[in-house]
Amino acid sequence: MLPMDADEPHDEQRAPDGTLWWELSFWPGTKREFGQEPKLGAWIWFHKEVGETFTMRELRTALGPEIVGESEHLNRRLRKLREFEWIIPSYKDDRTLPQDTYRLETKGRRLWLQDERKRSNGAPKFSQRTRRIVLDRDGSRCKVCGVGDGESYPGEPGSKAKLTIGHRVPQERLRSRGAADDIDNWRTECARCNETVRNELPDPEQYDEVAAEIKQLRKADLTLLLSWLRTGERSRSKLDRAYDRARKLSHSENEKLIGYVEKLLGHN
Ligand SMILES: [Zn+2]
């Protein structure tokens, strides 16, 4: 915590001119528009504790429709906060949350304060060079789901994957173990997996446990596995693709499909 004047506990909520941060129109002392993400961040920072949830309606009442328009609008702004290390899963990331509800998981940088904003603004976490090295090493495929850059997701024609760089083990966790966050911890992720992975707390796999499981495989499977490991991609058969698509059907369609496959097989 920063040192604070104990007599004025609410001072941090206000800009130098006394306006509440989330009601400010211009950056202090300038004619530059203050922007909507800093307002959103400041409001959440001072009204919600980590672990608490909030709804779109709540934000709209507090901040007005120009900041909290449609849900896509708001989701885009909340994603923007991620660049400042905020973690706010939505009902889309976490199916246990009701519609239009969000959970504050981590408060990131206070982007309404110029100093903290600048620390990350304009200085991406990964340089272009680092990005290229990691992408090349990983064969330009998401290490989580295997999708390639610009490819569509299985069973979702028209979708287009965008690759980014993520952390295998979250930085905070590494720090608490005294381990380094270096290239060995960075990996290629598609934007979709990047979002999900960030919200998952458990550690990714442990080498020893993976090795122990692999040791039990038959030789034919080991050979196949080796080829996947070498190419960095699991070759998917027609059968895999058919199953990928089939399991996304609705429950009733699934039942119907079972009957259809039984018929193809000559079962009754
Ligand atoms: Zn992915």
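Number of residues in the stretch 132-166 that are more than 20 Å from residue 229 (Cα to Cα), assigned to a loop (DSSP other than H, G, I, E, B) and either away from the ligand (no atom under 16 Å from the Cβ) or open to solvent by less than 50 Å² (accessible area, probe 1.4 Å) (or both): the value is 7. For residue 101, state whether it is within 18 Å of residue 165 (Cβ to Cβ) and open to solvent by less than 50 Å² (accessible area, probe 1.4 Å). No. Looking across the stretch 183-205, the residues that are modelled with pLDDT of 80 or more, more than 13 Å from the ligand (Cβ to nearest atom) and surrounded by fewer than 19 Cβ atoms within 10 Å (Cβ to Cβ) come down to 183, 184, 185. Please count how many residues of the stretch 35-50 are in a loop (DSSP other than H, G, I, E, B) and in contact (Cβ under 8 Å) with a residue 60 or more places away in the chain. Going through the stretch 35-50 one residue at a time, the tally reaches 0. Condition check for residue 169 on (1) at pLDDT below 85; (2) within 16 Å of the ligand (Cβ to nearest atom); (3) part of a loop (DSSP other than H, G, I, E, B); (4) open to solvent by less than 50 Å² (accessible area, probe 1.4 Å): one failure, at (2). Going through (1) loosely packed, with under 15 Cβ neighbours inside 10 Å; (2) closer than 26 Å to residue 171 by Cα; (3) of a type in the set (D, E, K, R) one by one, residue 33 falls short only on (2). Looking across the stretch 234-268 at every residue that is open to solvent by less than 80 Å² (accessible area, probe 1.4 Å) and in a loop (DSSP other than H, G, I, E, B), the one that is farthest from residue 149 (Cα to Cα) is identified as 266.
The values are calculated or read from the model by the stated rules, or taken from the named source; none is laboratory data. All values reported here derive from a predicted model rather than from experimental measurement. For neighbour counting, all protein chains shown are included, and Cβ atoms are generated from backbone atoms with ideal geometry for every residue, glycine included. The protein model used for the area step is the full one, side chains on, heavy atoms only, and it has no ligands, DNA or RNA in it. Shrake-Rupley method; radii C 1.70, N 1.55, O 1.52, S 1.80 Å.
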